[in-house]
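Q: Take this structure, written in structure tokens, and hold onto it; I'll ask about it next.
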Amino acid sequence: MTVSLTVHRGTQQIGGSCIEIAHPDGDRLILDAGRPLDAPDGATGLLPTSLDRTRLANVLISHPHQDHWGLVEEIPPAWPIWTGSGSAKLIAVTGDVTRRPLARTFETWDSRSGPFSIGPFIITPMLTDHSAFDAYMLVVETAGKRILYTGDFRRHGRKSTLVDRMMAKPPADIDVLLTEGTNLGSDKPVKTEEEVERDFVELFKATKGRVFVSWSGQNIDRTVTLYRAAKRTNRTLAIDLYVADVLDRIAEGTGLPRPGFPNLKVVVTRGLGSYYRSMGREGFVERMVPFGISAKKLVDSRHVIMLRRALIGDYQRSGVVPTADDAYNFSMWRGYLSQPYHSEPLDWCKSAGASIAYIHTSGHASPADLRAFAAAVHPKMVVPVHGIKWDEESHGFGPVRRLADGETMVIP
Ligand SMILES: [Zn+2]
Ligand SMILES: [Zn+2]
């Protein structure tokens, strides 16, 4: 009776995660089917070759980041795919806006589901703190073995108490902790989302004109932070149709800001408006109109304005161009600035003389929090994934078993 574990991809890289847990009778669970972050746009055939596609398996997606779900369309059609209910909605948004609507559907759990069974596996999804909304850690129990997969997590976002609570009362008797290690070997400061909010309040107060901000529309914590900072400084947050779409799909039944809230407006620009209509989403666009603001009104200095490359043309046509009174903040990982898609909005504001700020915090746990989490769980063994510095930085994690991609380990 041996349970085996294979990390098909992720022992040597950040993203592209794909992990298999196999029951002695042959039943298999796949944790994540992630697209490698460096995969060229449109490339296919990216599922790890070590993953046996000839036998049925169930797939669990930990959270709605593409480096964890981006290969679901390559999963054999007969294999069921499971994820959180909020995660399923956000994965669908991405498919819609990239004009690649997903053919796959998901079985879903939610944060109140508690443990459920798939064949010989008992799965307990545990909502966690990450820059993606509806992100889960997963406890998998089978044939007397217990495995905890962290997915991606942090301990300094708006849901940090979930991780604190879990560390105070960790799942018992974990044989294997599969943990991410994105920030290992980096000493970049990790601010709490509250500190980020405070910094934005300062920036909004100090800026005479408007503040343009680029952030990920699916980073709900950041949208909340910007909304709260705008409210605290009597500004109005102007989101685009995409951010409105994201909030519209998930905010129901939560306290999250959404179209219709004070100090929040939806910019219905010509370009993005016709894009949504062309996708058959006229109804959504019409629903947003009462909460809308025309781009022309964004000349008013009290606005905090969502900026992405796709919006620059629309803004320019409406006379919305940055000035020396305005400020710009890139609120994502700095590394993305090597791509023109991300650097163009920065350059557009910089060349107009706007002041440039960088207020952001990581979506992933600091090295200290990663080690503290492993110490709290106290597993028999740690198997590293989702990191590039594990060889140098595995000290402080307890007994570590370093695997190669595709190498199968029997859980002792
Ligand atoms: Zn990831
Ligand atoms: Zn992630």
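Q: Report, in deg cm²/dmol and to the nearest 500, the calculated mean residue ellipticity at 222 nm for the chain, where each DSSP H run with n ≥ 4 adds -39500 (n - 2.57) and the sum is divided by the residue count.
A: Working: 12 runs with 115 residues, N = 412.
Per the formula, -8000 deg cm²/dmol.
Q: A follow-up question, please. Give me a comma-separated list of calculated 3J(HN,Hα) values for the range 364-373, in order, Karplus coefficients 6.51, -1.76, 1.60 applied at θ = phi - 60°, integers in Hz, x for any Gly or Pro.
A: So the J values, rounded to whole Hz, are 10, 5, 5, x, 5, 5, 4, 5, 5, 5.
Q: Cut-off 10 angstrom, C-alpha nodes, Gaussian network model of the chain. Which of PRO345, PRO64, PRO125 fluctuates the most?
A: Highest fluctuation of the listed residues: PRO345.
Q: While we're here: Considering only THR142, THR254, THR269, give the residue with the highest GNM mean-square fluctuation for the chain, with springs between Cα atoms whenever their separation is below 10 Å.
A: With Cα springs under 10 Å in the chain, the top fluctuation among THR142, THR254, THR269 is at THR254.
Q: A further question follows. Where the only charges are on Cβ atoms (+1 Lys, Arg; -1 Asp, Glu), what is the dipole of the chain about its Cα centre, to the nearest 20 debye?
A: On the way: 49 positive and 47 negative charges, 275 e Å.
Using only the charged Cβ atoms, the result is roughly 1320 debye.
Q: Then there's this: Check ILE118: other-chain or 5+ apart residues with amide H under 5 Å from its amide H, H built from backbone geometry?
A: ILE123
Q: Determine ³J(HN,Hα), in whole Hz, for all residues of the range 56-62 in sequence, where each value follows from phi through the Karplus function 6.51 cos²θ - 1.76 cosθ + 1.60 and θ = phi - 60°; x replaces Gly and Pro.
A: Result, ordered by residue: 4, 8, 9, 10, 10, 9, 6 Hz.
Q: While we're here: Mind ordering 381-394, 95-108 by average Cβ neighbours within 10 Å, highest first? Provide the component values of the computation, followed by the final result.
A: Working: 381-394: 19.9, 95-108: 14.2.
With the highest mean Cβ count within 10 Å placed first, the list reads 381-394, 95-108.
Q: How much length is gained on full extension from ALA404 to LYS296, taking 0.36 nm per residue of separation minus their Cα-Cα distance?
A: Working: separation 108, 0.36 × 108 = 38.88 nm, distance 5.51 nm.
The ALA404-LYS296 span can extend by a further 33.4 nm.
Q: On to the next question. Between the range 2-69 and the range 351-412, what is the C-alpha centre distance in whole Å?
A: After rounding, the separation between the Cα centres reads 18 Å.
Q: Over the range 202-263, what per residue volume does the convex hull of the Cα atoms give, in whole Å³?
A: Working: hull volume 5.2 nm³, N = 62.
Once divided by residue count, the hull of the range 202-263 is 84 Å³.
Q: Apply the Karplus curve 6.51 cos²θ - 1.76 cosθ + 1.60, θ = phi - 60°, to the phi angles in the range 158-165 and return the couplings in whole Hz, x for Gly and Pro.
A: Once rounded to whole Hz, the list reads 6, 10, 4, 4, 4, 6, 4, 5.
Q: For the chain, what's the relative contact order in percent, using C-alpha pairs closer than 8 Å and at least 6 residues apart? Please list the in-between numbers first.
A: Working: 872 pairs, mean separation 83.1, N = 412.
Normalised by residue count, the contact order of the chain is 20 percent.
Q: Take the eigenvalues of the Cα gyration tensor for the chain, scale each by 5, and report the square roots as semi-axes in whole Å, largest first. Mind dumping the intermediate values first?
A: Working: eigenvalues 306, 107, 70 Å².
Its equivalent ellipsoid spans semi-axes of 39, 23, 19 Å.
Q: If amide H atoms are built 1.01 Å from N in the plane of the peptide, which residues on other chains or at least 5 residues away come under 5 Å of the amide H of GLY181?
A: So GLY181 has HN proximity to VAL385, GLY387.
Q: So what is the relative contact order of the range 1-129, in percent, for Cα pairs below 8 Å that sit 6 or more residues apart?
A: Numbers: 224 pairs, mean separation 23.5, N = 129.
Relative contact order comes out at 18 percent.
Q: Please report, in debye to the nearest 20, how large the charge dipole of the range 193-357 is about its Cα centre when each Lys and Arg carries +1 at its beta carbon and each Asp and Glu carries -1 there.
A: Numbers: 24 positive and 19 negative charges, 86 e Å.
With Lys and Arg at +1 and Asp and Glu at -1, about 420 debye.
Q: Name the residues whose placed amide hydrogens come within less than 5 Å of the amide hydrogen of VAL400, ignoring near sequence neighbours (fewer than 5 apart) on the same chain.
A: VAL382
Q: Something else about it: Over 18 Å between Cα atoms, which of LYS191/LYS389; LYS296/LYS350; LYS231/LYS265; LYS159/LYS188 qualify? Show your work: numbers first, answer last.
A: Values: LYS191/LYS389 21 Å; LYS296/LYS350 21 Å; LYS231/LYS265 12 Å; LYS159/LYS188 21 Å.
Beyond 18 Å between Cα atoms: LYS191/LYS389; LYS296/LYS350; LYS159/LYS188.
Q: Order of HIS395, HIS65 from fewest to most other C-beta atoms within 10 Å? The partial results should precede the final answer.
A: Numbers: HIS395 8, HIS65 28.
Ordered by Cβ neighbours within 10 Å, fewest first: HIS395, HIS65.
Q: Starting at 0 and stepping by 10 Å, how many percent of the alpha carbon pairs of the range 193-357 end up in each bin?
A: Distribution as computed: 11, 42, 38, 9, 0 percent.
Q: A further question follows. For the residue pair THR323 and HIS395, what label-to-label distance in nm results when each label sits 7 Å from Cα along the Cα-to-beta-carbon direction?
A: Those two pseudo-labels are separated by 5.6 nm.
Q: Positive end of the charge dipole of the chain (Lys, Arg +1 and Asp, Glu -1 on Cβ, about the Cα centre): tell me which of VAL321, PRO384, GLY335 has its Cα farthest that way.
A: Checked the options; the winner is VAL321.
Q: Which order do peptides 111-118, 281-288 fall in by mean Cβ count within 10 Å, highest first? List each step's numbers first, then the result.
A: Details: 111-118: 12.1, 281-288: 15.9.
With the highest mean Cβ count within 10 Å placed first, the list reads 281-288, 111-118.
Q: Which whole-number percent is the relative contact order of the range 193-357 (Cα, under 8 Å, 6+ apart)?
A: Values: 258 pairs, mean separation 46.4, N = 165.
That works out to 28 percent.
Just so you know, all these numbers are worked out from the coordinates, no wet-lab data involved. The model shown is predicted, which means the values in this text are computed figures rather than measured ones. Neighbour counts are summed over all protein chains in view; Cβ atoms, including those assigned to glycine, are modelled from backbone coordinates with ideal geometry.
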